Amino acid sequence: MRDHTTHGVGAKGENERKSSERVRQLPPGLSGVMGRGSMSFIVVLLSAFVLLDGLWLVLAWRGLKVKGWRWVAAGWMGAMLGGLLLFLGSRFGGVRVEELLPRPLVSAIFIWHLMILPLWLIWLVVRGFFAAGRRIVRGPAPVEDGVSRREFISTAARLAPAVLTTGAALGSEPQLEEFRIRRIEVPLEKLPPALDGLTIAHVSDVHVGRFTRGKILERIAETTNSLNADLTLMTGDLINHSLSDLPAGIELMRGLRAKHGVFLCEGNHDLFADAPGFRRDVRRAGLQLLREDAATVEIRGTPVQLFGLRWERGDAGHREALQDLEKLRRSDAFPLLLAHHPHVFDFAEEYPLILAGHTHGGQMMLNPEVGFGPWMFRYWSGLYRRGSRALVVSNGVGNWFPLRIEAPAEIAHITLRKGKA
């Protein structure tokens, strides 16, 4: 652990790096985390997917009366199951599946197994429950000759999951190339007067890799630099999984500019493949990774101390990590905390401003208050306040999952103001 002072350090060694949001009151919400389990859990999960794939194909084959539709269903499942096995093999063989398959097909494999297939299973259980109850009350349905309305509905129902998946995968393609600038003004009672108007480009959750790669990385850098912010701060998940994507992530970070420096903290995805390797390679590249340490920059004659929290999964880990950082606090500097997980806000009482990511804005939301965000997190998107403290949670600019609903990718442009909320 250490604190070092810097004066506008650029990614390549230069001295300069180149609508108000509604404040949400703190909801009770449900505590949630997005961490991954052990390899054994992954194997169990993949096995469950394979079994459910097989179940869908068996039921579809039995229910589809027209032979042509049966082979359509079989071809669809061959693509989904084959893609799943390729992903499994890539974890052990170093194969980059995203470079072998068209991106819409990769998106379909993810949407099918992580969204449509679970929904189909729920529908199957509910349908079976009501069908059993109907048989008890009314007796068996009469047998009809020819192509009946019942058969048409049955065929449509069996093919609907594949149709929905295809539509969602194709619809997600434009999303993977889009992000917004979200402007957030944050009044802070404890902000030194000299820092009134300080601007921050908040970048988070780039997930360089499967769905975020190529030209969009250049656009992210260009858009961030166009904000001409005092600080550019990245709150974790630079890469999606593989260290083979880290060179592209490093190139992105080296291309970011700000008047007084570019800094980042680690996220859970950064550490999946090789945590020590990620930290080593990022620091060797000259990037200012803050992990259990701090950096002090002087802005308008006022010291600003930036802290980077190490990744922890649970509240107990957050508390411990924050206690370790307390040893580095400077009484004469304005403190600003970078933390990947937003639940740190509950325990970081000494920090007037915290920046976080991790939630992807809830990923799939019906509206700003209903969806996976509040179901999984206490804080999931935008500006939150508690007394004189503030938390800004970014939706993230990249994607680990191809589909977003009412949770657009973004770069946050934050302006700090002296005063009460």
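No value in this document is a laboratory result; all are computed from the given coordinates. Note that the structure is predicted; figures quoted are calculated from it, not measured. Note: ideal-geometry Cβ built from the backbone for every residue, glycine included; neighbour counts use all protein chains shown.
Below is a table of values for the structure above.
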quantity: Sorted largest first, extent of the range 276-382 alpha carbons per principal axis (Å); calculated: 44, 33, 29
quantity: Order of LEU306, LEU271 - criterion: other Cβ atoms within 10 Å of each residue's Cβ, fewest first; calculated: LEU271, LEU306
quantity: HN-Hα J in Hz across the range 307-324 - Karplus 6.51, -1.76, 1.60, θ = phi - 60°, x for Gly and Pro; calculated: 10, x, 8, 5, 6, 9, 8, x, 4, 4, x, 4, 4, 5, 5, 5, 4, 5
quantity: Segment LEU51-VAL126, extension gain: residue separation times 0.36 nm, minus the distance between their alpha carbons; calculated: 25.1 nm
quantity: Footprinting exposure proxy for ASP332, ASP3 (fewest neighbouring C-beta atoms within 10 Å first); calculated: ASP332, ASP3
quantity: Projected label distance in nm at ARG183 and VAL66, using a 7 Å step from Cα toward the beta-carbon; calculated: 5.4 nm
quantity: Estimated Rh, the chain: Kirkwood, alpha-carbon pairs, angstrom; calculated: 23.3 Å
quantity: Among 116-128, 310-322, 206-218, the order from most to least packed when residues are scored by Cβ within 10 Å on average; calculated: 206-218, 310-322, 116-128
quantity: Burial ordering of VAL262, VAL203, fewest other beta-carbon atoms within 10 Å first; calculated: VAL262, VAL203
quantity: Gained length - LEU100 relative to LEU85, 0.36 nm times residue gap less alpha-carbon distance; calculated: 4.1 nm
quantity: Among ALA421, VAL126, PRO342 - extreme Cα towards positive end, dipole of the chain, charges at beta-carbon; calculated: VAL126
quantity: Aspartates and glutamates with Cα under 15 Å of LYS420, excluding same-chain neighbours fewer than 8 positions away; calculated: GLU185, GLU189, ASP196
quantity: For the chain, size of Cβ-based charge dipole, Lys and Arg +1, Asp and Glu -1, in debye; calculated: 980 debye
